[in-house]
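Any read-out appearing in this document is the output of simple, stated calculations on the displayed coordinates, not a laboratory observation. No experiment lies behind these values; they were computed from the predicted model shown. Don't worry about glycine lacking a Cβ; one is built from the backbone with ideal geometry, like all the others, and counts go over all protein chains shown.
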Amino acid sequence: LPEQEAFDIEYWLLEEAKLQRMPKPKALAGRIALVTGGAGGIGAATAERMLREGACVMLADIDAAALDEVTAGFAARHGADRVCGVKMNVTDEAQVARAFAETALAFGGVDILVSNAGIASSSPVEETTLALWNRNMDILSTGYFLVSREAFRMLRAQDIGGSVVFVASKNGLAASPNASAYCTAKAAEIHLARCLALEGAEAGIRVNVVNPDAVLRGSKIWEGDWLDQRASTYGTDKDGLEEMYRQRSLLKRSVLPEDIAEGIYFFASELSAKSTGNIINVDAGNVQAFTR
Ligand code: NAD
């Protein structure tokens, strides 16, 4: 090589090496996220992912004891100035409004909503009481409406765009046995997200959906009565259920809260700056959605 050219290459390599050693800016630095159901499995895994990327996170949950415990753990690991908890029932308009107001007070606004708080249920349709049906609709469909409405109000007022991520379910796309109330409520969440994507686009508000397949480990949903009902639908127990879901998936792998958190992080961050009204199924390729 001519001497000048060799010098230029060496100089460029040194500069590149310097850049590699420089600390990378965190992807969510300066961002503020509100995570509903933040004291639960997927919500807490999502909060952890976002805190690691530099975000400030408000955890909102109906379970005050779990909320205190999870918030204290995050505060110890990531700093008390970057995480707060607020007790909130997603079916209560006033509590939802207060949670957003408290987030604005603590951190200065909201850029990201993760609408995730939820329940699950299992019941053959002829045994499904109106109360069970309404509970699914209230917490899932209506709860997602109430928190996203409040997010839209705040995001529009801030006028800097934002990201809303719904944690729905693969069962919102595909039917599952003995779960008509849950499946229908989850389908409504998915369609609500599409409608809001349309409404928010001009203001730079993106709305996307992450559909988990069954996440048995690390989720409180699978504790108690629901688990027994679900297992008996398939004539098995919790371990048997997890193995069934694993075997049914194309990748033969179980899905964990951290896997769902990656999908949520993608939609929350600028990695998905040009995605809205879209869905990611985090399901290890569980083809049930496409076959029955
Ligand atoms: P989880 O039970 O561990 O967490 C859910 C959290 O939501 C809990 O902390 C609970 O206290 C909170 N919550 C429940 N009702 C509430 C209300 N009315 N107001 C505020 N908070 C409320 O369950 P998870 O697995 O982390 O579930 C998170 C979301 O993922 C839910 O919407 C669920 O339907 C969905 N999902 C879960 C699975 C799964 O197999 N775990 C599969 C598909 C979809």
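In Å³ and rounded to a whole number, note down the convex hull volume per residue for the Cα atoms of the range 199-285.
Hull volume over Cα atoms, normalised by residue count, gives 115 Å³.
Within 10 Å, count the other beta carbons around each residue, average over each peptide in 4-13, 72-81, 58-67, and list them highest first.
58-67, 72-81, 4-13
Rounded to the nearest 500, what is the chain's calculated 222 nm mean residue ellipticity when only DSSP H runs of at least 4 contribute -39500 (n - 2.57) each, over all residues?
Taken over the chain, the calculation gives -15000 deg cm²/dmol.
Working from Cα positions, state the angle (0 to 90°, nearest 10) between the long axis of helix 41-52 and the longest principal axis of the chain.
10 degrees
Per-residue HN-Hα couplings for the range 268-273, Karplus 6.51 cos²θ - 1.76 cosθ + 1.60 at θ = phi - 60°, whole Hz, x for Gly and Pro?
6, 9, 6, 4, 10, 3
Mind checking the alpha-carbon convex hull of the range 1-127 and giving the volume per residue in Å³?
165 Å³
Give LYS87/LYS220; LYS26/LYS274; LYS87/LYS238; LYS252/LYS274 a once-over and call out the pairs whose C-alpha atoms are over 23 Å from each other.
Correct reply: LYS87/LYS238; LYS252/LYS274.
How high is the FRET efficiency between ASP8 and ILE160 when r is their beta carbon distance and R₀ equals 35 Å, given to the nearest 0.05?
Computed FRET efficiency for ASP8 and ILE160 comes out at 0.25.
What is the P(r) of the range 143-255, as percent of Cα-Cα pairs per 10 Å bin from 0?
13, 36, 27, 17, 6, 0
When the C-alpha atoms of the chain are aligned to their principal axes, what extent does each axis show, in angstrom, from largest down?
84, 44, 39
Principal axis extents for the range 75-179, Cα atoms only, whole Å, descending order, please.
49, 33, 25
How much length is gained on full extension from GLU243 to LEU105, taking 0.36 nm per residue of separation minus their Cα-Cα distance?
45.2 nm
Using alpha carbons only, how many degrees (0 to 90, rounded to 10) separate the axis of helix 93-107 from the longest principal axis of the chain?
Taking Cα atoms only, the helix is inclined about 20 degrees.
Testing the spin-label approximation: label points 7 Å from Cα along Cα→Cβ at ASP92 and GLU199. State their distance in nm.
My value for the distance between the label points is 2.4 nm.
With N set to the residue count of the range 8-57, report its C-alpha Rg divided by 2.2 N^0.38 Å to two decimal places.
Working it through for the range 8-57, the quotient is 1.78.
Going by Cα centres, the range 1-49 and the range 219-292 are how many Å apart?
If we compute the Cα centre of each part, the gap is 29 Å.
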